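Following: one structure in structure tokens, then a few remarks.
The values are calculated or read from the model by the stated rules, or taken from the named source; none is laboratory data. Since this is a predicted model, take the numbers as computed values, not measurements. With ideal geometry, Cβ positions are generated from the backbone for all residues, glycine too; neighbour counts draw on all protein chains shown. With ligands, DNA and RNA removed, areas are computed over all heavy atoms of the protein, side chains included. Shrake-Rupley method; radii C 1.70, N 1.55, O 1.52, S 1.80 Å.
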Amino acid sequence: IIASRLSYFLNLQGPAFVVNTGCSSSGVALHLACESLRRGETDLALGGGVFAVMGPTPLIGLSQTDMLAHSGRCRSFDAEADGMAMSEGVGMVVLKRLRDAIVDNDPIYGVIKASGINQDGASNGITAPSGSAQQALIVDTYKRVGSNPEHISYIEAHGTGTRLGDP
């Protein structure tokens, strides 16, 4: 009920929900917040994520599937990658339409021009995302918003730090 409690505490109205898609939860939450703004459902949105290890069971399971870094360090997109390193954290961003933020004289730290989500379908396993599904999503997102990839200045990527998943 954390989404409802946060809305209650901050006196926010509109859609409020928790997204759990595994490693992509924060990215999907951000995408859904942007879509809500684009559709005019709300004038302000919070998007973010929380990761908390609530006991040893999740870490034991990840260790048994050889997903945790033996070195204790995550080296995403690195030839020395040997798994991920877990940590607890919270991240949240406040989102508005650009024109509204300008009118309200809000500090603007970044502009999200486009976002997209998909599911890989069957692949070689949980640590091996489908390269073709990811490529299709990227191409579709660029085409949908009419963006030239040469003009992109920042892309949020997910790297597990595993030899099988990052490539």
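Among what's in segment 22-43 and is open to solvent by 70 Å² or more (accessible area, probe 1.4 Å) and in a loop (DSSP other than H, G, I, E, B), pick the residue that is farthest from ARG5 (Cα to Cα).
Top of the filtered list is ARG39.
If you go through segment 115-141 and pick out every residue that is farther than 26 Å from GLY83 by Cα and in contact with a Gly (Cβ under 9 Å, 6 or more places away or on another chain), you end up with 3. Give LEU46, LEU32, LEU12 a once-over and let me know the one that is over 18 Å from GLU156 (Cβ atoms), out of contact with any Gly (no Cβ under 6 Å at 6 or more places or on another chain) and among the hydrophobic types (A, V, I, L, M, F, W, C). Exactly one residue qualifies, and that residue is LEU12. Within segment 34-45, identify whether any single residue is over 29 Å from ILE138 (Cβ atoms) and in contact (Cβ under 8 Å) with a residue 40 or more places away in the chain, and answer yes or no. The answer is yes, given that some residue of segment 34-45 is over 29 Å from ILE138 (Cβ atoms) and in contact (Cβ under 8 Å) with a residue 40 or more places away in the chain.
Checking the structure you have, find out if any residue of segment 49-58 is farther than 17 Å from VAL94 by Cα, of a type in the set (Gly, Ala, Ser) and under 20 Å from the mean Cα position of the chain (by Cα). Within segment 49-58 (the criterion being farther than 17 Å from VAL94 by Cα, of a type in the set (Gly, Ala, Ser) and under 20 Å from the mean Cα position of the chain (by Cα)), the answer is yes, since at least one residue qualifies. Pairing residues of segment 137-161 that are in contact (Cβ under 8 Å) with a residue 40 or more places away in the chain and within 28 Å of ILE126 (Cβ to Cβ) with residues that are basic (Lys, Arg) and surrounded by 12 or more Cβ atoms within 10 Å (Cβ to Cβ), at Cβ distances under 7 Å and at least 6 apart in sequence or on separate chains, gives GLY161/ARG75. When segment 20-49 is filtered for residues that are modelled with pLDDT under 90, closer than 22 Å to ILE112 by Cα and out of contact with any helix residue (DSSP H, G or I) (no Cβ under 8 Å at 6 or more places or on another chain), the ones remaining, listed by number, are CYS23, SER24.
Those helices (runs of 4 or more DSSP H) of segment 53-167 in which at least 1 residues are more than 20 Å from SER25 (Cα to Cα) and open to solvent by less than 40 Å² (accessible area, probe 1.4 Å), considering only elements entirely within it, cover 98-103.
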